[in-house]
Amino acid sequence: MQVCVYCASSAKIDSIYFDATSKLAKEFVHHNVDVVFGGGSSGLMGQLADSVLANGGKIKGIMPQFMNDVEWGHKGVSDFVYTQSMHERKAKFLEGTDALVALPGGVGTFEELFEAITLKKLGQFTKPIVVLNTKNYFEPFRTLIQHACDEGFMGIEYMESFTLVNEPHEVLPTIIKMANWTKGLLDAGKYRH
């Protein structure tokens with residue numbers, strides 16, 4: 001199984017986020033899951049890579065060349081793909097991916113997560129999306145999506161396109177039990193107002 005992880009590059013965060021990331025990395029390695037991530041060396045990206053490598057796992061970084069040019073890449077990761085743009089990077093994240101996992105992060109993580117949910121809604125990405133809700137970080141995200149549904153801007157099926165879990169050990173079992181998305185672009189029309 002290959003899982004792509006979206007997560008933060010910021011290191012100015014509570015240690016609970018680092019601990020959860022390390023636990024998740026160990027779960028991945030224990031279950032022979034190959035990890036794909038943004039390639040960074042700091043924040044949760046760095047913690048993810050450090051923990052996967054320290055436990056003997058496989059991890060691939062995908063990073064735009066301009067980020068590598070300023071040496072943002074993780075030095076311990078040997079499997080790297082360099083892209084020309086952020087758009088190409090996001091497309092590469094999805095290639096061969098069996099599931100997406102979002103950890104707490106900033107605007108980049110939000111943007112990646114929103115795009116994945118949009119692609120899923122349009123039937124262009126059908127794999128599970130699991131959001132690790134460490135310290136209830138994603139509760140406002142869930143509330144925002146629910147509010148948009150309640151107000152008629154989105155169909156309620158958006159709430160089914162991702163699953164929030166609170167603990168790292170819940171991520172893989174959730175991926176395994178989630179069915180692949182079967183709705184397509186033509187299904188989207190019936191949810192429009």
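With the condition kept exactly as written, say whether any residue in the stretch 141-149 is β-branched (Val, Ile, Thr) and either modelled with pLDDT under 95 or in contact with a Ser or Thr (Cβ under 9 Å, 6 or more places away or on another chain) (or both).
Yes - at least one qualifying residue is present in the stretch 141-149.
Looking at the stretch 33-45, which of its residues are buried (at least 22 other Cβ atoms within 10 Å of the Cβ) and closer than 19 Å to Ile16 by Cα?
Hits for the stretch 33-45 are Gly43, Leu44, Met45.
Being modelled with pLDDT of 95 or more, surrounded by fewer than 22 Cβ atoms within 10 Å (Cβ to Cβ) and either more than 15 Å from the chain's Cα centre (by Cα) or part of a loop (DSSP other than H, G, I, E, B) (or both) is the filter here; which residues of the stretch 52-76 pass it?
Residues satisfying the conditions are Leu53, Ala54, Asn55, Gly56, Gly57, Lys58.
One residue is enough: does the stretch 75-98 have a residue meeting the conditions closer than 22 Å to Ile13 by Cα and in contact with a helix residue (DSSP H, G or I) (Cβ under 7 Å, 6 or more places away or on another chain)?
Within the stretch 75-98, none of the residues are closer than 22 Å to Ile13 by Cα and in contact with a helix residue (DSSP H, G or I) (Cβ under 7 Å, 6 or more places away or on another chain).
Yes or no: Thr109 touching a residue at least 40 places away in the same chain (Cβ under 8 Å), β-branched (Val, Ile, Thr), in contact with a strand residue (DSSP E or B) (Cβ under 7 Å, 6 or more places away or on another chain) and not in a helix (DSSP H, G or I)?
Spelling it out, it is not the case that Thr109 is touching a residue at least 40 places away in the same chain (Cβ under 8 Å), β-branched (Val, Ile, Thr), in contact with a strand residue (DSSP E or B) (Cβ under 7 Å, 6 or more places away or on another chain) and not in a helix (DSSP H, G or I).
Out of the residues in the stretch 118-171 that are assigned to a helix (DSSP H, G or I) and hydroxyl-bearing (Ser, Thr, Tyr), state the one that is nearest to Ser22 (Cα to Cα).
Thr134
When you go through Thr118, Thr83, Thr126 one by one, which is the residue that is within 20 Å of Val35 (Cα to Cα), over 11 Å from the mean Cα position of the chain (by Cα) and free of Cβ contacts under 8 Å to residues at least 24 places away in the same chain?
None of the others qualify; the one that does is Thr83.
Within the bounds of the stretch 116-125, is there any residue that is of a type in the set (Val, Ile, Thr), at pLDDT below 95, in contact with an Asp or Glu (Cβ under 9 Å, 6 or more places away or on another chain) and exposed (fewer than 15 other Cβ atoms within 10 Å of the Cβ)?
no
The values are calculated or read from the model by the stated rules, or taken from the named source; none is laboratory data. If you're wondering where the values come from, they're calculated on a predicted model, not measured in any experiment. Cβ coordinates were reconstructed from backbone atoms using ideal geometry, including for glycine residues, and neighbour counts include every protein chain displayed.
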